[in-house]
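Below is one structure; the comments refer to it alone.
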Amino acid sequence: MPEPSDAAHDAAEPSLEEQIAAYQREFQDLDPQVEQVVSALQRLNRRMNVAYGRQTATLGLSNAEWEVLKALVVSGAPYRLGPGELAKRLGLTPAAMTHRIDRMASEGLVTRERDEANRVRVIVELTHEGREKWLEAMRLATVFEEDLLQDLSSDDRHRLGDVLTRLLRRVEDAQPDAEGRLKDLD
């Protein structure tokens, strides 16, 4: 019978080097430099999402609620958007957005009211409590992000930011419909 630590190691994700070696074994045309960059970005993104999720959970927020708060803040004062615009920005269906707004309104993070100028239109607005939760999440994220980048000089951070922005633009240009979640991936 294997030792518990052996079983845990067997279930652990392989190192990047192990993953790339396995890929090369199975697919000889693989460029290991490209695979290292892409795999590292994927793993970093996944682990950062877990870390952010843990932080927002300490504030009583889900990642989904954080995304709505962020979209409202990014829209600028008075931090108001229609549910359809929020759904589009987050790549959600209108039904999913409605469910999320209902939950957040019951928690006092947003309000939902009819637009006085157009009684058919609904407006979702960030509350004071919602903005305070967003600010606290930003404070926690800032500490995490500074720690993450602590070994990079200002020049390194600038270069990394430029490189990642170029990669992001390439994907956005090639996949202009890839905002939020893609319908074909839901």
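The values are calculated or read from the model by the stated rules, or taken from the named source; none is laboratory data. From a predicted model like this one, the values you see are computed outputs, not experimental measurements. Note that each Cβ is placed from the backbone with ideal geometry, even for glycine, and that neighbours are counted across all protein chains shown.
With the requirement that a residue be loosely packed, with under 10 Cβ neighbours inside 10 Å, polar (S, T, N, Q) and part of a helix (DSSP H, G or I), what does region 132-180 give you?
Ser154
Is it the case that Val124 is modelled with pLDDT of 95 or more and part of a strand (DSSP E or B)?
Here the answer is yes, as Val124 does meet what is asked.
So Val120 ticks every box in (1) of a type in the set (Val, Ile, Thr); (2) surrounded by 15 or more Cβ atoms within 10 Å (Cβ to Cβ); (3) over 30 Å from Thr58 (Cα atoms) but one. Which box is left unticked?
Unmet for Val120, out of (1) of a type in the set (Val, Ile, Thr); (2) surrounded by 15 or more Cβ atoms within 10 Å (Cβ to Cβ); (3) over 30 Å from Thr58 (Cα atoms): (2).
Those residues that are in a helix (DSSP H, G or I) and either buried (at least 19 other Cβ atoms within 10 Å of the Cβ) or touching a residue at least 24 places away in the same chain (Cβ under 8 Å) (or both), I need them from region 53-66; list them, please.
Passing the criteria: Gln55, Thr56, Thr58, Ala64, Glu65, Trp66.
I need every pair where a residue in region 163-186 that is within 19 Å of Val34 (Cα to Cα) has its Cβ under 6 Å from the Cβ of a residue that is loosely packed, with under 10 Cβ neighbours inside 10 Å and at pLDDT below 65, sequence separation at least 6 or different chains.
none
Could you check region 37-77 and list, in sequence order, the residues that are of a type in the set (S, T, N, Q) and closer than 15 Å to Ile101 by Cα?
The answer is Ser62, Asn63.
Would you check if Glu18 is surrounded by fewer than 12 Cβ atoms within 10 Å (Cβ to Cβ) and among the acidic types (Asp, Glu)?
Judged against the criteria, Glu18 is a match.
Just checking, which of Arg100, Arg89 is surrounded by 15 or more Cβ atoms within 10 Å (Cβ to Cβ), in a helix (DSSP H, G or I), in contact with a Gly (Cβ under 8 Å, 6 or more places away or on another chain) and among the basic types (Lys, Arg)?
Of Arg100, Arg89, the one residue that is surrounded by 15 or more Cβ atoms within 10 Å (Cβ to Cβ), in a helix (DSSP H, G or I), in contact with a Gly (Cβ under 8 Å, 6 or more places away or on another chain) and among the basic types (Lys, Arg) is Arg89.
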